[in-house]
1. Sort 92-98, 71-77, 9-15 by the packing proxy (mean of other Cβ within 10 Å over each peptide's residues), most packed first.
2. Residue 90 versus residue 62, label points 7 Å from Cα toward the beta carbon: distance in nm?
3. For residue 1, what accessible area in Å² do you get when you roll a 1.4 Å probe over the heavy atoms of the protein chains, rounding to the nearest 10?
4. Ignoring solvent entirely, what values of log10 I(q)/I(0) come out of the Debye formula for the stretch 1-140 at 0.09, 0.11 Å⁻¹ when each Cα is a single scatterer?
5. Could you put 29, 100, 145 in order of accessible surface area, largest first, with the 1.4 Å probe and the full protein assembly present?
6. Note the full-extension length gain between residue 81 and residue 114 as 0.36 nm times their separation in residues minus their Cα-Cα distance, in nm to one decimal.
7. How would you order 116-124, 56-64 from highest to lowest mean count of nearby Cβ atoms within 10 Å?
8. Excluding ligands, DNA and RNA, what is the solvent-accessible area per residue of the stretch 14-80 at a probe of 1.4 Å, expressed in Å²?
Amino acid sequence: MEIGQNAVVAFRYRLLNDQGQQLEASAEETTVYLHGAGGMLPGLEQALQGKAAGDQVTVTLEPHEAYGAKHPDSVQRIPLKHLRGKKKPRPGDVVAVNGERGPRQVTIVKVGKFMVEVDTNHPLAGMVLTFVVDIVEVRPATAEELAHGHVHGPGGHHH
Ligand code: ZN
């Protein structure tokens with residue numbers, strides 16, 4: 001089956017910066033997504049269109065196709081207690097904070113006694129990113145998955 005609208009895709013990936021250094025790699029479990037449901041970076045989804053299980057796809061995305069440009073005025077001071085699950089943050093750490101629209105990832109700039117300075121840019125903002133994707137499985141979505149707009153089962157939602 002080829003990847004197209006309403007396909008459920010399972011893949012492994014490596015993420016490289018423009019120096020060829022590896023930034024991330026998929027964990028033990030494959031990453032799954034519902035093609036065409038808006039849950040995946042559009043540039044990556046476009047590159048996977050028409051591919052099949054067993055294919056390897058390499059795609060390089062400019063910042064505007066990936067996580068956007070880095071905004072200069074994005075350093076904020078927030079109370080230390082607003083950081084989730086990180087007792088002793090250090091500069092450079094990427095942590096989650098509770099934002100207006102749910103948790104978001106920020107990078108610690110400076111740590112004080114009660115306040116921390118965080119950079120609210122996405123950690124991958126401003127970067128040219130290369131994804132090396134190995135497609136593991138492609139299957140049609142079930143009616144229930146289409147109704148919910150996400151994948152069920154291993155790697156997806158369990159409810
Ligand atoms: Zn669901």
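1. By packing density, highest mean first, the sequence is 9-15, 92-98, 71-77.
2. For the pair residue 90/residue 62, the computed spacing is 3.7 nm.
3. It works out to around 110 Å².
4. With no solvent term, the Cα-only Debye profile gives -0.35, -0.51.
5. From most exposed to least exposed: 100, 29, 145.
6. Extra length from residue 81 to residue 114 when fully extended: 11.1 nm.
7. Answer by packing, highest mean first, reads 116-124, 56-64.
8. I get 62 Å² per residue for the stretch 14-80.
The values are calculated or read from the model by the stated rules, or taken from the named source; none is laboratory data. Please read these numbers as outputs of a predicted model, since none were measured by experiment. Here Cβ is always computed from backbone atoms with ideal geometry, including for glycine, and neighbour counts include all displayed protein chains. What goes into the accessible areas is simple: the full protein's heavy atoms, side chains included, and nothing from ligands, DNA or RNA. Shrake-Rupley method; radii C 1.70, N 1.55, O 1.52, S 1.80 Å.
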